[in-house]
Amino acid sequence: MKFDVVIAGGGFAGAYCARELGAKWGPIEGPKRVALIAERNVLVFYPMLAEVAGSTLGPLDVVHPLHHFCRDVTVLQGAVQRIDWPKRELLVDGGRFTRDQTIQCDKLVVALGSVTNLSQIPGMSEHGWPMKNVADALRFRSALINRLEEANLTPDPAVRARLLTFVVVGGGYTGVETTGQLLGFLRSALRWYPSLQGAPLRVVLIHSGNELLPEIGPNLGAYAREVLERRGIDVRLNCRVESLTMNRVNFTGGYVETHTVLTTIGNAPNPVVSELGRELKLEMPHGRIAVDGTMQVPNIPGLYSVGDCAAVPWNDRGTPKTCPPTAQFALRQGRQLAQNLLRERKGAPARPFTYRYLGQLATIGNHEAVAEVLGLHFRGFVAWWLWRTIYLAKLPGVFRRLRVMLDWTFDLIFARDISVVLPPPDEVMRSIHLEKGERLFAEGAVARAVFFVRRGAIDLAGGNARQVGPGELIDQDDANSAGCWTCTAVASEPSDLIVLRGRAYQLIKDELKIVPRKAAPPAPEKKKG
């Protein structure tokens, strides 16, 4: 498969670039000349993603099929694994049955965006819920409802308190908007749980900076914090998360006991983009490909980059800057690059990217928002009305705009839906993190899994007392005939473990021929004399 132009990445930048090229080349030339490679076959409208987690909008309200949006181009669903620029080839993994497909091109637009990397904070990848796509929003929504169901079931006040404590890490747009939606959803849902009436509901927002929403300015950020605190949210500023476990969040100067942590931090350069930069020895400020004003990589004809993975120069009213990684810049970069490619085809010079900054908006729940539009600041209900009006106008597709309007109208009248639309995950194997002194299980608890220690050490007290180190198992030999643990397990240092349940443990046991440990023979008695 070979195309004149291949666009790698189905976000705002890549999708709008493909859409513009398809509209100009038409239904006959377009599909033969232009290909869009996207990991998912939908364009996600990220500004409304928090409302999916808060059950204000449905998942189909915030996505648009790329086959519909990018007409007259070839849309290919697959994950780009590698870019071999000297051969003008991309290696694409399309799924279970279509792996390792090679796509060739004459010109390449790199619009792969960024990825989420939570490995920098111990326990974050094991216990943090990311908010990157629609699937993440749906999983988090289901987790919220499941926490309410478990809190409704348990009589233990300490367990109930942890189940009803929710922590959001990151005070940017996603963190603030999701926090507002989270509190609104929980308060709406609690009316259906009579046994939880009066139970302490706690929402904590942790941010490492001096003020929330640093992109929108300190005044509006301070207003957003005041509104959230007035609604009962515990906002912690100048706090950096140090580690997560299955029971708590440890941060600068303290900790919060919880079973639910949403993380909106951890953006990292796409590994495919980083590898391309190393191979071609590109300038990569902050992991983004440095391009010129026309979005072409300097000294490499035919290679372009736009969106979050590109450092596009921008003249902000006479001040030279780099475009921020936001949707309003990405979609305009995509359009401008498409127009440049069409101009190059006709032999005309490409035009540099120019854009007048319009502002930023962020909703904080309860019909309130903050907004900066053309240098003017708005807050409260007026800003919330502006937020909904502007983003509704930008939402692709007339049908989806009508559906979003209906959903928003119903949200004003009816309670939010608390149906769990995703089945509980079949976690036959998962990773957990423990800090020093944290208990894994107590003596007498039901043994529902076995544990493989990857890093650290676990002390077992009572029963078969010993220390379990890396590469060792805590398994059914430490349980009695009733299936309960005969010891208490506590981490003697920060530790990472793999939890094996059901058939996963059985399979590994059969493959590795794991046999029960035998008690050590008694030491021989010393002869007297």
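The values are calculated or read from the model by the stated rules, or taken from the named source; none is laboratory data. Bear in mind the structure is a predicted one, so any value in this text is a computation, not a measurement. Virtual Cβ from ideal backbone geometry, glycine too; neighbours counted across all protein chains shown. Remember, those area values only see protein heavy atoms, side chains included, never the ligands or the DNA or RNA. Shrake-Rupley method; radii C 1.70, N 1.55, O 1.52, S 1.80 Å.
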**Request:** Scan the range 367-383 for residues that are open to solvent by 30 Å² or more (accessible area, probe 1.4 Å) and free of Cβ contacts under 8 Å to residues at least 24 places away in the same chain and jot them down.
**Result:** H367, V373, L374, G375, L376, F378, F381, V382
**Message:** Step by step: first the residues of the range 384-427, then only those that are open to solvent by 60 Å² or more (accessible area, probe 1.4 Å) and touching a strand residue (DSSP E or B) at 6+ places or on another chain (Cβ under 9 Å), then the one that is modelled with the highest pLDDT. Which residue is that?
**Reply:** W385
**Request:** Under 6 Å between Cβ atoms, at least 6 apart or on separate chains: pull out the pairs that start in the range 2-15 with a residue that is touching a residue at least 12 places away in the same chain (Cβ under 8 Å) and farther than 15 Å from F45 by Cβ and end on any residue that is of a type in the set (D, E) and open to solvent by 20 Å² or more (accessible area, probe 1.4 Å).
**Result:** D4/D106
**Message:** Testing L76 on (1) crowded, with 17+ Cβ neighbours inside 10 Å; (2) in a helix (DSSP H, G or I), one condition comes back false. Which one is that?
**Reply:** (2)
**Item:** Criterion (open to solvent by 20 Å² or more (accessible area, probe 1.4 Å) and under 30 Å from R439 (Cα atoms)) met by exactly one of E279, E229, E283, E242
**Value:** E242
**Fill in**
Given the conditions (1) farther than 21 Å from A13 by Cα; (2) open to solvent by 60 Å² or more (accessible area, probe 1.4 Å), every one holds for Q104 apart from (1)
**Message:** Could you go through the range 100-112 and let me know if any residue there is assigned to a loop (DSSP other than H, G, I, E, B) and more than 19 Å from S274 (Cα to Cα).
**Reply:** yes
**Request:** Inspect the range 309-317 for any residue being under 24 Å from the mean Cα position of the chain (by Cα) and either of a type in the set (S, T, N, Q) or part of a helix (DSSP H, G or I) (or both) and give the result as yes or no.
**Result:** yes
**Prompt:** Among I364, I265, which is open to solvent by less than 10 Å² (accessible area, probe 1.4 Å), at pLDDT below 95 and under 21 Å from the mean Cα position of the chain (by Cα)?
**Reply:** I364
**Residues of the range 21-52 that turn out to be more than 23 Å from T98 (Cβ to Cβ) and open to solvent by 20 Å² or more (accessible area, probe 1.4 Å), as a count** = 8
**Complete:** Scanning the range 276-312 for residues that are more than 15 Å from R351 (Cα to Cα), in contact (Cβ under 8 Å) with a residue 40 or more places away in the chain and among the aliphatic types (A, V, I, L, M) gives L276, L280, I289, I300, L303, A310
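Tally the residues that are open to solvent by 70 Å² or more (accessible area, probe 1.4 Å) and outside any helix (DSSP H, G or I), restricting the search to the range 322-346.
To start, the set of residues in the range 322-346 that are open to solvent by 70 Å² or more (accessible area, probe 1.4 Å) comprises 322, 325, 335, 339, 345-346.
Checking the rest, the ones that are also outside any helix (DSSP H, G or I) come to 322, 325, 346.
The number of residues fulfilling the criteria is 3.
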**Request:** Take the range 33-48 and flag every residue that is in a helix (DSSP H, G or I) and modelled with pLDDT of 95 or more.
**Result:** R33
**Request:** Name the residue, out of L112, L118, L138, L108, that is within 30 Å of G334 (Cα to Cα) and in contact with a Cys (Cβ under 6 Å, 6 or more places away or on another chain).
**Result:** L112
**Prompt:** closer than 30 Å to V291 by Cα and over 25 Å from the mean Cα position of the chain (by Cα) - does that describe any residue in the range 389-398?
**Reply:** no
**Asked** Does the range 53-73 contain any residue that is surrounded by 22 or more Cβ atoms within 10 Å (Cβ to Cβ), hydroxyl-bearing (S, T, Y) and in contact (Cβ under 8 Å) with a residue 60 or more places away in the chain?
**Response** yes
